[in-house]
1. Out of the residues in the range 73-96 meeting the condition of being hydrophobic (A, V, I, L, M, F, W, C) and farther than 16 Å from Ile54 by Cβ, tell me which one is most open to solvent (accessible area, probe 1.4 Å).
2. Could you tell me which of the residues Val34, Val66, Val50 is in contact with a His (Cβ under 6 Å, 6 or more places away or on another chain), open to solvent by less than 70 Å² (accessible area, probe 1.4 Å) and either charged (D, E, K, R) or modelled with pLDDT of 95 or more (or both)?
3. Could you tell me how many of the residues in the range 26-57 are part of a loop (DSSP other than H, G, I, E, B) and either of a type in the set (S, T, N, Q) or within 15 Å of Asn81 (Cα to Cα) (or both)?
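The values are calculated or read from the model by the stated rules, or taken from the named source; none is laboratory data. Predicted model, so just to flag it, every value in this text is computed and none were measured. So basically every Cβ, Gly included, is an ideal-geometry build from the backbone, and we count neighbours across all protein chains shown. All accessible areas refer to the heavy atoms of the entire protein, side chains included, with ligands and DNA or RNA removed. Shrake-Rupley method; radii C 1.70, N 1.55, O 1.52, S 1.80 Å.
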Amino acid sequence: MVTVFKMEGYLLSYATKTEVHSITLHNSSKAVAVLFFRPDGTTLPANEIVDGIIHLFYHFKDFSIVFDLILRVKPLNVVFNPPSTSAFSGLSTPQVIPV
């Protein structure tokens with residue numbers, strides 16, 4: 001079953017000398033998703049929901065693209081579909097954005 005939350009804010013954690021880099025997405029001051037960034041070339045864990053919070057995994061090379069989307073694209077939703085469905089999980093606009 002698809003899970004969708006509107007993103008209203010974020011908390012950035014980009015540490016040195018560690019593999020723990022993340023962006024926590026918030027809705028109504030509540031964390032709804034964490035985007036984890038792992039070393040390029042490594043096998044990423046399956047996306048999942050842990051204690052009601054969506055966990056999405058990306059490689060370091062994707063960080064600037066993802067962060068740019070979060071900063072520039074409004075409105076923005078975080079979408080989760082169970083890995084067994086092979087359906088889309090990630091960030092998306094809730095409707096067509098006029099240009």
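1. Val96
2. Selected residue: Val34, the only one of Val34, Val66, Val50 that is in contact with a His (Cβ under 6 Å, 6 or more places away or on another chain), open to solvent by less than 70 Å² (accessible area, probe 1.4 Å) and either charged (D, E, K, R) or modelled with pLDDT of 95 or more (or both).
3. Here the count works out to 8.
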